[in-house]
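What follows is a set of notes on a single structure, which appears directly below.
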Amino acid sequence: MTQVAFGVFDWIDRGKAPLRQLYEERLQLLEVADAAGFFCYHLAEHHATPLGMAPSPALFLTAAAQRTRWIRLGPLVYLLPLYHPLRLIEEVCMLDQISGGRLELGVGRGVSPYELGYFGVDVTDTREIFNEMLAVLVAGLTHERLTFEGKHYRYHDVPMELHPLQQPYPPLWYPTHNPESVGYAAMHGYHFAGIGPAAHVQQLVATYRKTWEAHRHEPGRLNGHVAAPKVGVMRQVFVADTDQEALTATRSAHRDWFHSITKLWHDHDDHSVDGIFAWETAVEHESVMFGSPARVREQMAQLLEVSGCNYVICSFAWGTFTHEQTLRSLRLFAEEVMPAFSGSATPVA
């Protein structure tokens with residue numbers, strides 16, 4: 001069967017537990033994922049919304065680094081227009097050093113105009129700001145002193161006292177479902193992750209591979225030190241002992257997750273994203289995989305065959321699944337689904 005790596009994706013969206021308990025339960029889940037052999041834990045960044053109870057990814061990932069040994073850790077993504085470049089350079093260096101060189105560095109502009117607006121950032125300016133910010137970030141990570149002259153950021157001979165453990169800098173990730181943006185990601189060799197129906201992801205993957213091949217030997221590519229980029233897709237997953245048990249639990253959890261992911265849009269009387277995240281859409285496109293291990297294996301095999309991905313990022317903890325349900329789901333996936341695609345089984349403690 002297809003050899004594929006698996007990662008874990010998380011919003012840390014608000015459930016029913018108090019915040020302190022929510023954080024501790026996520027760290028416990030990460031310990032299990034670490035032992036199970038998942039490649040990376042990817043954490044979203046969101047603000048002013050119940051979708052994201054970890055608006056400072058680095059803060060949570062620092063705690064995660066102390067509770068894990070092998071799994072790689074990274075924001076997916078840092079919202080670059082919301083950061084001061086010098087502060088982010090130092091934060092990235094610290095996190096890479098504290099984690100023992102396990103940082104995977106996701107970057108992006110932000111998809112919610114409302115979250116950006118609360119910070120005084122106009123969504124129409126974000127591409128220009130992103131490009132400058134990324135240039136400053138890379139320059140700061142790779143030089144002893146930073147000099148940069150741009151429209152938004154200007155620095156002259158600033159000492160860079162901190163450096164990342166991984167050289168020249170941690171691997172870069174760029175998630176998107178926009179074909180034009182996929183071309184940009186492939187040109188530079190970013191690790192890539194898409195969303196949406198498998199047939200749509202297939203088109204993105206084809207674009208990525210063609211563009212990557214055409215540019216792979218060009219000098220000056222941002223992620224050029226990564227020889228074999230991961231080309232991935234994200235899916236929400238729930239595995240239970242039976243299909244009916246999984247259906248009942250997933251439908252309930254999805255109802256609460258839908259409220260969290262759409263709340264900020266609804267607060268602004270905007271329902272444009274409702275169809276994207278609706279239960280009917282999730283079932284039709286299998287963007288949520290649920291069922292017994294046998295059923296999820298079948299869904300995973302179909303996804304990989306159609307999409308052509310070599311990496312699947314699975315979100316196990318979302319909505320109002322209990323901690324016990326989530327732990328059970330991840331263990332079943334690791335023991336009875338992953339081995340069919342990764343070639344070996346890893347016992348889960």
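The values are calculated or read from the model by the stated rules, or taken from the named source; none is laboratory data. All of these numbers come straight from a predicted model, not from anything done at the bench. Because the Cβ atoms are built from the backbone with ideal geometry, glycine has one as well, and the counts that use them run over all protein chains shown.
For a quick check of your reading of the model, give me the residue pairs whose first member lies in the range 265-293 and is within 15 Å of HIS200 (Cα to Cα), whose second is surrounded by fewer than 14 Cβ atoms within 10 Å (Cβ to Cβ), with beta-carbon atoms closer than 7 Å and at least 6 apart or on different chains. From the range 265-293, the pairs are THR281/GLY275. Does the range 252-259 contain at least one residue that is modelled with pLDDT of 95 or more, surrounded by fewer than 21 Cβ atoms within 10 Å (Cβ to Cβ), closer than 21 Å to LEU204 by Cβ and in contact with a Gly (Cβ under 9 Å, 6 or more places away or on another chain)? No, because not a single residue in the range 252-259 is modelled with pLDDT of 95 or more, surrounded by fewer than 21 Cβ atoms within 10 Å (Cβ to Cβ), closer than 21 Å to LEU204 by Cβ and in contact with a Gly (Cβ under 9 Å, 6 or more places away or on another chain). Contact map, the range 160-189: residues that are farther than 18 Å from PHE130 by Cβ paired with residues that are of a type in the set (Lys, Arg) and surrounded by fewer than 16 Cβ atoms within 10 Å (Cβ to Cβ), Cβ distance under 9 Å, separation 6+ or inter-chain. Pairs shown: MET160/ARG145. Report, by residue number, each residue of the range 302-343 that is of a type in the set (D, E, K, R) and closer than 12 Å to ALA33 by Cα. ARG328, ARG331, GLU335, listed by residue number.
The single condition among (1) in contact with a Leu (Cβ under 8 Å, 6 or more places away or on another chain); (2) over 30 Å from LEU29 (Cβ atoms); (3) of a type outside the set (D, E, K, R) that TYR169 does not meet is (2). Just to be sure before I move on: is PHE321 under 21 Å from the mean Cα position of the chain (by Cα) and either crowded, with 18+ Cβ neighbours inside 10 Å or among the β-branched types (Val, Ile, Thr) (or both) in the structure I sent? Yes; evaluated as a whole, the condition is true for this residue. Taking VAL233, is it crowded, with 19+ Cβ neighbours inside 10 Å, within 29 Å of PRO171 (Cβ to Cβ) and touching a Leu at 6+ places or on another chain (Cβ under 9 Å)? Yes: the conditions hold for VAL233.
The rows are residues; the columns are (1) modelled with pLDDT of 95 or more; (2) of a type in the set (Gly, Ala, Ser); (3) under 19 Å from PHE6 (Cβ atoms).
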site	(1), (2), (3)
PRO171	yes, no, yes
THR176	no, no, no
PRO179	no, no, no
ALA186	yes, yes, no
VAL201	yes, no, yes
THR207	yes, no, no
THR211	yes, no, no
HIS217	no, no, no
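When the range 30-48 is filtered for residues that are touching a Phe, Trp or Tyr at 6+ places or on another chain (Cβ under 7 Å), of a type in the set (A, V, I, L, M, F, W, C) and either closer than 16 Å to LEU103 by Cα or assigned to a helix (DSSP H, G or I) (or both), the ones remaining, listed by number, are LEU30, ALA33, PHE38, PHE39, LEU43, ALA44. The set of residues from the range 182-235 being of a type in the set (D, E, K, R), under 17 Å from the mean Cα position of the chain (by Cα) and in a loop (DSSP other than H, G, I, E, B) comprises just one member, LYS230. Restricting the first member to the range 310-336 and to residues that are without any contact (Cβ under 8 Å) to a residue 12 or more places away in the chain, and the second to residues that are assigned to a loop (DSSP other than H, G, I, E, B), the beta-carbon pairs closer than 9 Å and six or more apart or on different chains are THR322/GLY15; THR322/LYS16; THR322/ALA17. A single member of ALA317, ALA345 is assigned to a loop (DSSP other than H, G, I, E, B), at pLDDT below 95 and aliphatic (A, V, I, L, M), and it is ALA345.
Checking each residue in the range 5-27 for being in contact (Cβ under 8 Å) with a residue 24 or more places away in the chain and assigned to a loop (DSSP other than H, G, I, E, B) picks out TRP11, ILE12, ASP13, ARG14, GLY15, LYS16, ALA17.
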